[in-house]
Amino acid sequence: MRRNQLFTCCLALIMAAVATAGLAPVQAQQKAAGKPLITVLNPAIESKMVDREPLSPRLDTLEGKTIYLVDINWGGPEAAYSVFEEIQAWFKQNIPSAKIVIKRKYGSYSNDDPALWKEIKQNGQAALIGISG
Amino acid sequence: MGIPTVGAAAANIVHYAIGYDFEYTNGMPIRYVGFPFPVAGQPKSVHHSYVFEREDVVSGKPMMQAIVDGFTKPLTEKEKFQGRPPEAVAEPRLLEPDTEDNLQQLFKDKDWTDYNPIILPTEERVAAMLKGTSRKPDEVVKKITWPGGARNLTVEKVAVCAVMAGAKPQHFPLILALATYVPFGNSTSSMANMILVNGPIRNEVKMNYKGNVMGPHNEVNSVLGRSFTLMSKTAGNLHAGKTTFSSLGSNLQYNNLCIAENEEALPAGWDPVHVQMGAKPTDSVLTVSTGWSYISSVGEVQRGYPPQFLMRDYMRSLSGMGASVIMDPAVAGLLKDSQGFNTKADLAKWLAENVEKTIASFWGNGVVSTMWASMALQGLEPHASRMKAPPDSMIKPFQPRGIGVIVTGGGQTTWFVTDFGVGRGVKIDDWR
């Protein structure tokens, strides 16, 4: 019987300790200090994620492939164009069999360019598109 | 496109592209490489080093190794996945109860404030705010699609922000009208916004349009402007480094140039802005414009150099994408009586015809170049002709309809020229 009482007492202590641990430490301190707790509305709104689309399969090699470098015109026509020229120079030195085509997208960075996407799909095997920022 | 594609972004924005943009807007785990920032405006030698000597900021690999890997490394399981993503983190209507100090800190930790203290949105305060409109709390004011996430901004969420900003229920229709613009204009170019209020509601809620109107001297001008920022940061989800990427930012984003027109002091023939845009004088209208800056007349008009000349001089420094002149009624009266501008449109027409700048200066503006230079290279007019013109030849960059005229304040012959283009507003009365 005493053994059962001891067990019940220990269980109660453990439950009390668990219940106290459930409060965030700061909140528990504040509560202990007697400060009133306030309930407020959440200003944030749940965001909805979009459906996932897979990437296109990758290439085994870039040897002999046609690679488009597309300037989206972020920051103006001079902002990133020479980066693409430098990338072209790197390919010339390192993978000379790759054919590099530099293209400027229609309009500003936010305009779609279906004609260019069609051309790349027909004639290219890979594309680098940028440079935002 | 159906072929291996790699995206390229600068370091300031690439983590947005592979994180937030992927999850909430794009859905495709595009392989990005990250160039050092900035790319634009750097000489060819720097671009050479970015390609040949620097690392991709995403992978840490040499830049060209990262690009080649992007085209050739086999896809991971995550990159092959198609279908529904895991559910986004749920946002409960109520936050966990806590002390006032802790909640004030929580709102700052979440970046939900402008880092000034807020009024905590208790259920009682929000319920009181909702009495300022006949609209239902769960009615959707706007589905926010930028930046991604398709968030439904409800009347209740607007009320939460209105409370946080310190507004009263009688201000709520104004804030609901403002909510239709959330999030505010924001870009890497350190953009700002201007809120203009016209119509009878200015007097009803006692906005200040008679003196020191752009300063911190009126409750409604203050809380209305502030509420735009709070809504943009909470419902709009605009957070520095996560969804906004300005370098300098804009101090104007604290109050968003919240002003009301002094319609009562307009010279005869000068219509209020909302009437110019087709509304009735008895309509109450709120208009939000985006821009960057304003230039002050710095003191009173000088008799020897009429104000339109100095306005013209200052406007030469603006991009040409839009402008407005904010002036004291005394300036408006002077322009009408002494200079013969019988309407606002007369002044806008004169400025459009007389503001000139060099072609080099015109294209020297980064936003102008971003938006129009590529069109010029593709032969689209009038941009193509402007691109072909000699750098030191002159251009008239403004159209009369692109120049707004706002009359506010009272008592001094001072004015500001701004690059905020004034468009059509929304009717506040619809939100009562």
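The values are calculated or read from the model by the stated rules, or taken from the named source; none is laboratory data. Note that this is a predicted model, so its numbers are computed, not measured. In this analysis, Cβ positions are derived from the backbone assuming ideal geometry, glycine residues included, and neighbour counts consider all displayed protein chains. Side chains are part of the model used for accessible areas, which takes the heavy atoms of the whole protein and leaves out ligands, DNA and RNA. Shrake-Rupley method; radii C 1.70, N 1.55, O 1.52, S 1.80 Å.
List of remarks:
- Applying the criterion of at least 2 residues that are crowded, with 17+ Cβ neighbours inside 10 Å to the helices (runs of 4 or more DSSP H) found wholly in the range B:50-134 leaves B:63-72, B:100-109, B:123-130.
- Qualifying residue in the range B:322-344 (condition: within 14 Å of another protein chain (Cβ to nearest Cβ) and modelled with pLDDT under 95): no
- Taken as a whole, the structure places residue B:290 among residues that are touching a Phe, Trp or Tyr at 6+ places or on another chain (Cβ under 9 Å), open to solvent by 50 Å² or more (accessible area, probe 1.4 Å) and modelled with pLDDT of 95 or more.
- Residue satisfying all of: in the range B:36-49; more than 7 Å from chain A (Cβ to nearest Cβ) and assigned to a helix (DSSP H, G or I); nearest to residue B:238 (Cα to Cα) among these: B:46
- For the range B:148-165, the count of residues that are open to solvent by 10 Å² or more (accessible area, probe 1.4 Å) and farther than 18 Å from residue A:40 by Cβ is at least one.
- Some residue of the range B:85-98 being more than 7 Å from chain A (Cβ to nearest Cβ) and either within 23 Å of residue A:56 (Cβ to Cβ) or in contact (Cβ under 8 Å) with a residue 12 or more places away in the chain (or both): no
- So residue A:120, is it more than 7 Å from chain B (Cβ to nearest Cβ), at negative phi and touching a strand residue (DSSP E or B) at 6+ places or on another chain (Cβ under 6 Å): no
- If you go through the range B:212-229 and keep only what is among the small types (Gly, Ala, Ser) and open to solvent by 30 Å² or more (accessible area, probe 1.4 Å), you end up with just B:222.
- Subset of the range B:1-30 (residues that are farther than 17 Å from residue A:74 by Cβ, at the interface with chain A (Cβ under 7 Å from one of its Cβ atoms) and free of Cβ contacts under 8 Å to residues at least 40 places away in the same chain): B:1, B:2, B:3, B:28
Residue by residue, here is whether (1) at pLDDT below 95; (2) in a loop (DSSP other than H, G, I, E, B) holds:
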position	(1), (2)
B:143	no, no
B:160	no, no
B:178	no, no
B:182	no, yes
B:193	no, no
B:211	yes, yes
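- Test: residue in the range B:400-419 that is basic (Lys, Arg) and in the same structural domain as residue B:197 (by TED's automatic domain parsing): yes
- Of the candidates B:240, B:268, B:323, the single residue that is of a type in the set (A, V, I, L, M, F, W, C) and crowded, with 18+ Cβ neighbours inside 10 Å is B:323.
- Meets criteria (over 22 Å from the mean Cα position of the chain (by Cα) and closer than 26 Å to residue B:175 by Cβ) for residue B:430: yes
- Summed over the range B:271-285, the residues that are open to solvent by 10 Å² or more (accessible area, probe 1.4 Å), in a loop (DSSP other than H, G, I, E, B) and in contact (Cβ under 8 Å) with a residue 60 or more places away in the chain give a count of 8.
- Top-ranked residue in the range A:103-133 [being farther than 22 Å from residue B:68 by Cα and polar (S, T, N, Q); ranked as most open to solvent (accessible area, probe 1.4 Å)]: A:110
- Just one of the listed residues (A:69, A:62) is open to solvent by less than 30 Å² (accessible area, probe 1.4 Å) and either free of Cβ contacts under 8 Å to residues at least 24 places away in the same chain or facing another protein chain (nearest Cβ under 7 Å) (or both), namely A:62.
- Among (1) of a type in the set (Val, Ile, Thr); (2) assigned to a loop (DSSP other than H, G, I, E, B); (3) under 23 Å from the mean Cα position of the chain (by Cα), the one test that residue B:298 misses: (3)
- Residue B:33 closer than 17 Å to residue A:88 by Cβ and facing chain A (nearest Cβ under 7 Å): no
- The range B:399-427, residues that are within 30 Å of residue B:172 (Cβ to Cβ) and in a loop (DSSP other than H, G, I, E, B): B:408, B:409, B:410, B:420, B:421, B:422, B:423, B:424, B:425
- Unique match (being small (Gly, Ala, Ser) and under 28 Å from residue B:15 (Cβ atoms)) among B:148, B:132: B:148
- If you go through the range B:5-28 and keep only what is more than 17 Å from residue A:133 (Cα to Cα) and buried (at least 21 other Cβ atoms within 10 Å of the Cβ), you end up with B:5, B:24.
- Helices (runs of 4 or more DSSP H) contained in the range B:303-398 and holding at least 3 residues free of Cβ contacts under 8 Å to residues at least 24 places away in the same chain and in the same structural domain as residue B:287 (by TED's automatic domain parsing): B:307-315
- Among the residues examined, residue B:409 qualifies as in contact (Cβ under 8 Å) with a residue 24 or more places away in the chain, crowded, with 21+ Cβ neighbours inside 10 Å and in contact with a Pro (Cβ under 8 Å, 6 or more places away or on another chain).
- The range B:339-362, residues that are of a type in the set (Phe, Trp, Tyr) and open to solvent by less than 30 Å² (accessible area, probe 1.4 Å): B:341, B:362
- Breaking point among (1) more than 7 Å from chain B (Cβ to nearest Cβ); (2) open to solvent by less than 70 Å² (accessible area, probe 1.4 Å); (3) at pLDDT 95 or above, for residue A:38: (1)
- When the range A:89-121 is filtered for residues that are in a loop (DSSP other than H, G, I, E, B), at pLDDT below 95 and out of contact with any Lys or Arg (no Cβ under 6 Å at 6 or more places or on another chain), the ones remaining, listed by number, are A:105, A:106, A:107, A:108, A:109, A:110, A:111, A:112.
- Put simply, of A:44, A:16, A:80, A:21 the only residue that is at pLDDT below 95 and either crowded, with 19+ Cβ neighbours inside 10 Å or facing another protein chain (nearest Cβ under 8 Å) (or both) is A:80.
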